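Colleague: Before we start, here is the structure in question, set down as structure tokens.
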Amino acid sequence: MVSTAPGAMTSEEIVALNRDHTFFSWSIQGQIDPIAIDRAEGVYLYTPEGRRILDFNSQLMSVNIGHGDRRVIAAITEQASKLQFVQPAFATEVRGRLGKKLAQILPGDLDKVFFTLGGAEAIENAIKLARHYTGRYKVLARYRAYHGATMGAMTLTGDPRRWANEPGLVGVVRYPDTHRWGEKEPRPVDEPPGSGGRDPVRGSAHDRGCVPRDDRGHERDPDPPDGYIEGVREICDRHGILMVADEVMAGFGRTGRWFAVDHWDTVPDLMAMAKGLTSSYLPLGGVAMRRHIADFFESKMFYGGLTYSSHAVSCAAALATLDVYEEDGLIRNAARLDGVMRQHHRRLEAKHPSVGAVRNLGLFGIIDLVRSRDPWTPMTPFNGSSDEMKAVGAALRDGGLYTMLANNSIHTNPPLCITEEQLAEGFEIIDRALDVADRVVTS
């Protein structure tokens with residue numbers, strides 16, 4: 001039996017204390033069952049009793065460099081011992097150095113950054129910057145997108161988490177998503193594209209990796225399909241609309257490039273970032289802007305601000321994190337493991353009738369579970385859960401793996417420092433857990 005260190009709290013005591021006096025997000029408080037974590041290193045989490053858990057979701061797709069990197073911890077400690085905080089009207093060396101470093105890796109002429117404390121705040125300030133610059137108030141967002149939990153970001157969010165928080169921001173217009181999963185009559189691979197301008201599917205040779213199959217066995221368009229991002233850029237240019245890229249989750253190597261838009265050689269006008277910027281060692285986000293937008297505010301007031309914008313210790317964490325990406329070749333590793341993850345996904349799809357679709361780009365992956373592939377029937381109802389998905393989650397937890405389960409999907413988003421052996425370890429745990437889901441299909 002493994003016990004805690006003398007004087008340390010047990011998992012049970014930590015959970016009880018947290019439940020008694022703290023409030024959990026996205027939860028019915030009486031139903032939560034959190035795991036107590038004492039420390040973390042690399043791709044593993046450890047309970048107070050020393051049980052090891054493989055972090056297969058980088059927490060919230062954010063601890064990209066892995067846990068416990070001493071180089072980042074040292075940078076945080078050094079900055080904290082020198083200067084902890086000055087209000088954002090002051091200038092600091094670490095703030096300037098971080099801005100310059102980001103300008104070197106950001107796409108195109110995105111070379112100035114307004115720092116926030118997270119991704120939702122980055123979205124809020126991207127809205128403000130766009131509205132101030134254009135003089136327009138309408139904001140277009142994809143129907144099922146998720147952009148954050150603050151009021152403006154939540155209004156842009158298309159999934160059901162928005163509903164309880166309405167009414168929100170005025171002027172939001174939604175346009176359709178590009179994927180076709182769950183559609184009753186999906187377009188066959190050999191059918192000509194419609195008026196949306198999609199190219200026919202190119203199957204597994206597509207450079208963005210795994211292409212899921214529909215409930216007739218036809219390969220589906222990747223999301224987004226060829227030309228989509230470039231087409232959005234062209235439409236925005238044609239109509240004088242600012243294009244805003246939300247790279248909060250996809251940025252900083254997750255897809256095998258610095259930023260997801262780099263796959264399509266497209267430069268947005270504004271880019272929101274967070275999560276992987278500091279690998280979540282400390283809170284920090286930002287909005288990058290193109291030079292002509294930044295120049296506009298040389299003579300115009302920007303009506304926005306945050307007490308903790310450009311926080312010195314967070315900036316130090318970000319600088320050190322960016323160095324780790326480069327020193328350890330983590331973005332190259334994510335690109336290299338793109339095909340390895342795809343092979344694992346396909347093996348599970350071939351083996352388990354409960355796997356309806358798989359896809360990934362770099363180390364950004366997901367597995368969709370179904371009750372039936374024909375007709376296509378997800379394992380859960382829309383915006384719901386099911387006993388089967390709960391059982392799969394319990395099997396993953398018992399097997400020593402943490403990841404996110406959302407609706408009928410299992411996320412596969414490990415830290416970018418993961419090895420092939422550790423990746424295989426995670427997929428073996430998922431493989432065993434899928435036996436639980438298979439029983440629903442075979443019965």
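Colleague: Please go through the range 390-407 and give me each residue that is assigned to a strand (DSSP E or B), touching a residue at least 24 places away in the same chain (Cβ under 8 Å) and more than 18 Å from Arg347 (Cβ to Cβ), ordered by number.
Modeller: Tyr402
Colleague: Failed condition for Tyr133, given (1) at pLDDT below 95; (2) within 19 Å of His292 (Cα to Cα), with all others met?
Modeller: (1)
For (1) among the acidic types (Asp, Glu); (2) surrounded by 23 or more Cβ atoms within 10 Å (Cβ to Cβ), each residue gets a yes or a no:
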| site | (1), (2) |
| --- | --- |
| Arg97 | no, no |
| Pro107 | no, no |
| Phe114 | no, yes |
| Glu121 | yes, yes |
| Arg142 | no, no |
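Colleague: Could you say which residue among Glu298, Glu326 is assigned to a loop (DSSP other than H, G, I, E, B) and either within 17 Å of the chain's Cα centre (by Cα) or surrounded by fewer than 19 Cβ atoms within 10 Å (Cβ to Cβ) (or both)?
Modeller: None of the other options fit; the residue is Glu298.
Colleague: Looking only at the range 357-377, which residues are surrounded by fewer than 21 Cβ atoms within 10 Å (Cβ to Cβ) and of a type outside the set (Lys, Arg)?
Modeller: Hits for the range 357-377 are Ile366, Ser372, Asp374, Pro375, Trp376, Thr377.
Colleague: Exactly one condition in (1) closer than 18 Å to Tyr44 by Cα; (2) of a type outside the set (A, V, I, L, M, F, W, C); (3) buried (at least 21 other Cβ atoms within 10 Å of the Cβ) is not met by Gly400; state its number.
Modeller: (3)
Colleague: Now, a different point. Among the candidates Ile418, Ile367, Ile410, Ile429, which residue alone is in a helix (DSSP H, G or I) and either of a type in the set (A, V, I, L, M) or touching a residue at least 60 places away in the same chain (Cβ under 8 Å) (or both)?
Modeller: Residue meeting the stated conditions: Ile429.
Colleague: Yes or no: Pro186 assigned to a loop (DSSP other than H, G, I, E, B), modelled with pLDDT of 50 or more and over 21 Å from Ile105 (Cβ atoms)?
Modeller: no
Colleague: Next up: Looking only at the range 397-443, which residues are more than 13 Å from Leu54 (Cβ to Cβ), small (Gly, Ala, Ser) and out of contact with any strand residue (DSSP E or B) (no Cβ under 9 Å at 6 or more places or on another chain)?
Modeller: Ser443
Colleague: Which residue is surrounded by the fewest Cβ atoms within 10 Å (Cβ to Cβ), if the candidates are limited to the range 411-443 and must be farther than 30 Å from Asp374 by Cβ and not hydrophobic (A, V, I, L, M, F, W, C)?
Modeller: Glu421
Colleague: Another one. Can you give me the ranges of the helices (runs of 4 or more DSSP H) entirely in the range 5-87 with at least 2 residues that are under 18 Å from Asn413 (Cβ atoms) and of a type in the set (S, T, N, Q)?
Modeller: Answer list for the range 5-87: 58-61.
Colleague: Could you give me the residue pairs with C-beta distances under 9 Å whose first residue belongs to the range 239-259 and is within 12 Å of Gly362 (Cβ to Cβ) and hydroxyl-bearing (Ser, Thr, Tyr), whose second residue is assigned to a loop (DSSP other than H, G, I, E, B) and modelled with pLDDT of 95 or more wherever it lies, and which are 6+ apart or on separate chains?
Modeller: Pairs found: Thr255/Gly362; Thr255/Leu363.
The values are calculated or read from the model by the stated rules, or taken from the named source; none is laboratory data. What you are looking at is a predicted structure, and each value in this text was computed from that prediction instead of being measured. Here the Cβ is made from the backbone with ideal geometry for all residues, glycine too, and neighbour counts use every protein chain on show.
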